[in-house]
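The values are calculated or read from the model by the stated rules, or taken from the named source; none is laboratory data. On a predicted model such as this, the values are computed, not experimentally measured, just so you know. Reconstructed Cβ throughout: ideal geometry from the backbone, glycine too, with neighbour counts over all protein chains shown. Accessible surface areas use protein heavy atoms only, side chains included; no ligands, DNA or RNA. Shrake-Rupley method; radii C 1.70, N 1.55, O 1.52, S 1.80 Å.
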Amino acid sequence: QVQLVQSGGGLVQPGGSLRLSCAAPRNIFFTNIMGWYRQAPGKQREMVGTIAPSGDENYADWVKGRFTISKDNVNHTVLLHMNKVNADDTAVYYCNAQSIRTPATYWGQGTQVTVSS
């Protein structure tokens, strides 16, 4: 069973920054599209952004440059850098790995991010 292990998250003040991490098995990390999704209370899960094995990045329109995704190829970790957060960013954030060859998709356990003063 593929395990994506998330870390980070918690409480952050409006306008602040936060970083989430997602550790993946080596084969998954290098062959899957890695991404971050979020689900706010009462809302559907939505994409934050993805990064392909090639390094190509794709973000939701609402990100507007505030969030970026990077990969640590040594530790097989995908990072979500969150800047200038606001209350609307409060949600459970999920790491995702999507195979580029099959329909297989894997999820992390989720981590709560709360933006509040």
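Points to keep in mind about this one:
- Where trypsin sites (Lys or Arg not before Pro) in DSSP loops with at most 12 other Cβ within 10 Å are excluded, longest remaining stretch of the chain: 1-42
- Taking the DSSP bridge list for the chain and keeping only pairs wholly inside it, about 90 percent are antiparallel.
- For the range 54-113 versus the range 4-30, the spacing of their alpha-carbon centroids is 8 Å.
- In Å, descending, principal axis extents of the Cα set of the range 1-101: 37, 26, 23
- Selection of chymotrypsin sites (Phe, Trp or Tyr not before Pro), the range 2-101, meeting DSSP coil and at most 15 other Cβ within 10 Å: none
- Here the accessible area of the chain is 48 percent carbon and sulfur, with a 1.4 angstrom probe and all protein chains present.
- Taking 0.36 nm per residue of sequence separation and removing the Cα-Cα distance, the R45/T105 pair yields an extension gain of 20.1 nm.
- Ligands, DNA and RNA aside, H76 has an accessible area near 40 Å² when probed at 1.4 Å.
- Taking only the C-alpha atoms of the range 5-63, the Rg (one decimal) and the largest Cα-Cα distance, Dmax (whole number), read 13.2, 37 Å.
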